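Every read-out reported here was derived from the displayed coordinates using simple, explicitly stated rules and does not represent laboratory data. This one's a predicted model, so the numbers in the text were calculated from it and none came from an experiment. Cβ sites come from the backbone with ideal geometry, for glycine too, and all protein chains shown count toward neighbours.
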Amino acid sequence: MRIFRGEAVPSHPADPQSFVGRAHTQRLASAEEGVPVVVYSVAIEDGARTNWLAHSGPQWLLVVEGRVRVQIWGEPAQEAAAGDAVMIAPYEKHWHGAAPGSRASHLAVNVNFTTEWFEPVTDAQYHA
């Protein structure tokens, strides 16, 4: 067993090459035993979101606070609220961020993955 202490890990402003708007990320935990897993805590201000991206493994978003907007390429955006969980399948091009008018925080659980980043999500895509 290992315990990862959140207070021991600094929070950083999200990389402006990967996010639009104000967000903070904190890499809470990672483990290579068995299937590699990385857990991030992400706090997102109103209007902030990731760029389009895809992961080689599944990603779970566990919404802790507020409302999160998530969109898969070619599909309409959907929202998830505190207490909801979202699973994004491997290689699905997607983005996620705070829903308009909401701040949000979520845990991102990335399983056996690499990430490929794409173009920023436009305001029109975000508000659609």
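Laid out as a table, the results:
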{"item": "Point-to-point label distance, residue 89-residue 35, nm (Cα→Cβ direction, 7 Å offset)", "result": "1.5 nm"}
{"item": "Positive-end extreme of charge dipole, segment 18-127 - chosen from 115, 21, 96 (charges on Cβ)", "result": "21"}
{"item": "The chain: equivalent-ellipsoid semi-axes (sqrt of 5 x gyration tensor eigenvalues, Cα, Å)", "result": "22, 17, 13"}
{"item": "Size of charge dipole - segment 18-127 - debye, nearest 20, with Cβ of Lys, Arg +1 and Asp, Glu -1, no other charges", "result": "180 debye"}
{"item": "Segment 100-128-segment 31-75 distance, computed between alpha-carbon centres (Å)", "result": "6 Å"}
{"item": "For peptides 27-34, 49-56, sequence by mean Cβ density within 10 Å, most packed first", "result": "49-56, 27-34"}
{"item": "Ascending count of other beta-carbon atoms within 10 Å, so fewest first, for 126, 91", "result": "91, 126"}
